[in-house]
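> First, the structure itself, so that you have it in front of you.
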Amino acid sequence: MKKLKKIDSSIWCFGGAAAAVYLVMLLFNFLTPYIADDYAYMASFYTQAYLKNVRDVVLSMYRHAYVMNGRLVSHGLDSLFMLLPKAVFNIANAGVFTGLMYLIYRAANFGRGRSAGLFLGISAAFWLVCPAFGQVVLWQTGAVNYLWALFFMLGFTAPFIYMFVHGRQLINNVWLRAAFTLGSFLFGAYTEIASLIGILVSCALVLLGAVLKREKPLSWLLAPIAAAAAGYAFMLLMPAESIAKSAAPDLAVLLKNFAYAVKMLKERLLWPVAVWAALFMICALRCPNLERLTLSLTFAVSSVAGDVMLTAASYYEDRCLYVTAALIVLASAVLIPSLTELSRGALTGALLGVVAVLAAFSLVAGGYDIWRCHVTIKTREANIAAAVERGETTITVPCTSPETKYSAFWGLADLNTETAETWPNNYIATYHGLKTILGYR
């Protein structure tokens with residue numbers, strides 16, 4: 001047992017675990033092509049011509065604020081990546097995923113020694129739990145809007161978590177505090193769900209610290225909260241957002257949407273929520289730790305809030321549960337150290353063993369699905385290139401047929417099979433130098 005603990009706490013073992021997660025995600029990113037909205041964000045919403053420089057991106061986002069939504073920071077970042085080879089995004093995105101897993105690990109493992117097993121367990125749990133994993137993590141436009149939003153959310157809340165746990169500031173340099181506050185405005189303006197939940201979690205931790213630990217709430221940390229709130233308001237005040245909010249649903253629609261949000265939570269994340277509840281009760285009854293129980297409950301409530309706030313949304317896709325999935329994993333991971341103390345590692349080992357087995361099976365199935373869709377697209381692209389070389393301008397090609405949530409094509413529009421004069425066919429045709437393209441199954 002001591003030898004296993006020594007290996008688990010080794011910096012080399014931890015580095016190997018992080019490298020393994022990064023390389024797997026890097027491979028899956030390289031096997032995932034541009035999909036759906038990616039083709040639209042290659043072009044300017046202002047001129048409809050392909051983006052060529054940063055000025056084009058700025059003008060495109062200006063128009064985007066009027067015709068699409070207020071997520072100018074996230075979609076602007078996505079458009080900037082469109083100026084670069086896809087490989088640049090692949091490398092960066094695998095790093096963001098690994099970084100997110102590390103931030104969750106650090107938030108959960110405070111006051112404890114290094115643990116490669118916990119880091120891998122968190123990564124495997126998110127792989128298993130996250131609905132529409134491919135859309136959230138591998139699809140370029142989706143990843144920038146969802147995965148990166150989670151990364152920035154955990155980065156934003158890190159000083160608040162640190163303050164609550166340790167009672168002292170994480171950032172002490174005045175210039176770093178100024179930079180963090182400026183970045184908080186950008187985080188607030190990033191996206192509707194993650195930004196709001198990040199702000200609420202931070203406010204809750206400030207209040208809980210003041211009530212439970214008598215920490216002084218009036219500190220510099222109120223500045224980034226205010227900046228993030230201002231950024232969120234800025235996003236919601238964009239013309240496209242204002243138009244959408246002007247057609248507010250009535251009470252009957254809201255109640256229907258609320259019931260659907262609860263249904264989606266039950267269908268997609270019932271078991272993760274149930275596992276958290278079981279872990280929470282065990283820890284509360286057998287090894288109560290005020291800090292861990294408070295943090296875990298805060299993250300769990302915020303997880304549910306991330307689902308419930310979709311009651312006011314105009315649409316609800318599986319990928320919209322990305323914040324809920326990440327926070328329920330974090331809420332459970334925070335309890336693992338207490339569980340380890342209770343059972344001398346037996347219960348933790350059993351739980352991680354179950355997660356490892358489930359993740360291993362789904363990794364094979366998901367990996368094969370990602371590869372199979374990759375082969376379909378490569379064959380399609382070869383056929384399109386050959387058709388263009390022959391001078392053809394109209395072509396019909398096979399659609400992908402994803403079978404698991406791990407393929408980014410799962411649940412996304414590939415090619416319309418009924419008409420070519422629609423999204424995304426028109427964008428894909430232009431990208432390949434065709435007049436029209438149609439899909440078939």
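The values are calculated or read from the model by the stated rules, or taken from the named source; none is laboratory data. Model, not experiment: these values are computed from the prediction. FYI the Cβ positions are ideal-geometry reconstructions off the backbone, even for glycines, and counts take in every protein chain you see. In case anyone asks, the SASA skips ligands and DNA or RNA and just uses the protein heavy atoms, side chains included. Shrake-Rupley method; radii C 1.70, N 1.55, O 1.52, S 1.80 Å.
> Report the relative contact order of region 153-237, percent, no decimals, based on alpha-carbon pairs under 8 angstrom and at least 6 residues apart.
The value is 41 percent.
> Per the Kirkwood formula on distinct C-alpha pairs, the Rh of the chain is how many angstrom?
Hydrodynamic radius (Kirkwood, Cα pairs) of the chain is 23.2 Å.
> What does the extension gain come out to for TRP271 and VAL357, with contour length at 0.36 nm per residue minus their alpha carbon separation?
Length difference between fully extended and current span is 29.4 nm.
> Rolling a 1.4 angstrom probe over the protein heavy atoms, how many square angstrom per residue are accessible across region 297-441?
Roughly 46 Å² per residue, with all protein chains present.
> Sticking with this structure for a sec: Let me cross-check CYS283: its accessible surface, 1.4 Å probe, with only protein heavy atoms counted, in Å² to the nearest 10?
Accessible surface of CYS283 is approximately 0 Å².
> Report the calculated FRET efficiency for SER314 and LEU237 (r = Cβ-Cβ distance, R0 = 22 Å), to the nearest 0.05.
The formula returns an efficiency of 0.80 here.
> For region 325-381, what does the convex hull of the Cα positions come to per residue, in cubic angstrom? All intermediate terms of the calculation are to be shown ahead of the outcome.
Numbers: hull volume 4.6 nm³, N = 57.
Roughly 81 Å³ of hull volume per residue.
> Taking the Cα-to-Cβ direction at THR417 and at VAL88 and moving 7 Å from each Cα, how far apart do the two end points lie in nm?
About 3.8 nm, to one decimal.
> Could you tell me which trypsin sites (Lys or Arg not before Pro) in region 174-221 are loop residues by DSSP with no more than 16 other beta carbons within 10 angstrom of their beta carbon?
LYS213, ARG214
> I'd like to know which of LEU84, GLY95, CYS203 lies farthest towards the positive end of the charge dipole of the chain, counting +1 on Cβ of Lys and Arg and -1 on Cβ of Asp and Glu.
CYS203
> Which FRET efficiency, nearest 0.05, do GLN169 and VAL375 yield, Cβ-Cβ r, R0 30 Å?
0.05
> Sticking with this structure for a sec: LEU176 to PHE110: FRET efficiency via 1/(1 + (r/R0)^6), r the Cβ-Cβ distance, R0 25 Å, to the nearest 0.05?
Details: r = 21 Å, r/R0 = 0.82.
Efficiency, from the Cβ-Cβ distance: 0.75.
> Using just the C-alpha positions of region 324-436 as equal point scatterers, what log10 of I(q)/I(0) does the Debye formula give at each q in 0.10, 0.18 1/Å?
For the requested q values the scattering log ratios are -0.52, -0.95.
> Counting GluC sites (Glu not before Pro) as exposed when in a DSSP loop with at most 11 other beta carbons within 10 Å, what is the longest stretch of the chain free of them? Spell out each step's value before the answer.
On the way: sites that count: GLU418, GLU421.
The longest uninterrupted stretch comes out as 1-417.
> Can you tell which of LEU293, THR340, THR311 lies farthest toward the positive end of the dipole of region 226-352, using +1 and -1 charges on the Cβ of basic and acidic side chains (Lys, Arg; Asp, Glu)?
Projecting each Cα onto the dipole axis, the largest value belongs to THR340.
> To continue, here is another question. Taking 8 Å as the Cα distance limit and 6 or more residues as the minimum spacing, I'd like the relative contact order of the chain as a percentage.
20
> What does the charge dipole of region 84-234 about its Cα centre add up to, to the nearest 20 debye, if the Cβ of each Lys and Arg holds +1 and the Cβ of each Asp and Glu holds -1?
Computed about the Cα centre, the dipole is about 460 debye.
> Now a separate question. Probe radius 1.4 Å, ligands and nucleic acids ignored: give me the carbon and sulfur share of the accessible area of region 318-441 as a rounded percent.
Roughly 60 percent of what the probe reaches on region 318-441 is carbon or sulfur.
> Count neighbours as other Cβ atoms within 10 Å of each site's Cβ, and list the trypsin sites (Lys or Arg not before Pro) in region 1-92 that are DSSP loop with at most 16 such neighbours.
Numbers: sites: LYS2, LYS3, LYS5, LYS6, LYS52, ARG55, ARG63, ARG71, LYS86; in loops: LYS52, ARG71.
Answer by residue number: LYS52.
> Okay, next question. In region 1-83, carbon and sulfur make up what percent of the accessible area (probe 1.4 Å)?
68
> Can you pull the percent of Cα pairs in region 49-155 with separation above 16 Å?
When every Cα pair of region 49-155 is considered, 64 percent fall beyond 16 Å.
> Sticking with this one: Which links in LYS86/LYS405; LYS405/LYS435; LYS256/LYS405; LYS213/LYS263; LYS263/LYS405 stretch past 30 Å when you go from one Cα to the other?
Beyond 30 Å: LYS405/LYS435; LYS213/LYS263.
> Using only Cα atoms, tell me the angle between helix 192-212 and the longest principal axis of the chain; keep it within 0 to 90° and round to the nearest 10.
Roughly 10 degrees between the two axes.
> To the nearest 20 debye, what charge dipole does the chain have about its Cα centre, counting +1 at the Cβ of each Lys and Arg and -1 at the Cβ of each Asp and Glu?
The dipole of the chain has a size of about 1540 debye.
> Tell me the angle of helix 147-166 to the major Cα principal axis of the chain, expressed in degrees between 0 and 90 and rounded to the nearest ten.
Roughly 10 degrees between the two axes.
> So how far apart, in nm, are the two label points at ILE282 and LYS263 if each is 7 Å from Cα heading toward Cβ?
Reported label-point gap for ILE282 and LYS263 is 3.4 nm.
> Ok, one more. So what is the diffusion coefficient of region 1-83 in µm² per second by Stokes-Einstein at 4 °C and 1.567 mPa s, using a Kirkwood Rh over Cα pairs?
83
> Using the heavy atoms of the protein chains and a 1.4 angstrom probe, tell me the accessible area per residue for region 46-146 in square angstrom.
36
> Further question on the same structure: Modelled label-to-label distance, LYS6 and TYR440, 7 Å Cα→beta-carbon offset: nm?
That separation, rounded to one decimal, is 6.6 nm.
> Please give the helix 72-82 orientation as an angle from the longest Cα principal axis of the chain, in degrees from 0 to 90, rounded to the nearest 10.
So the inclination is approximately 60 degrees.
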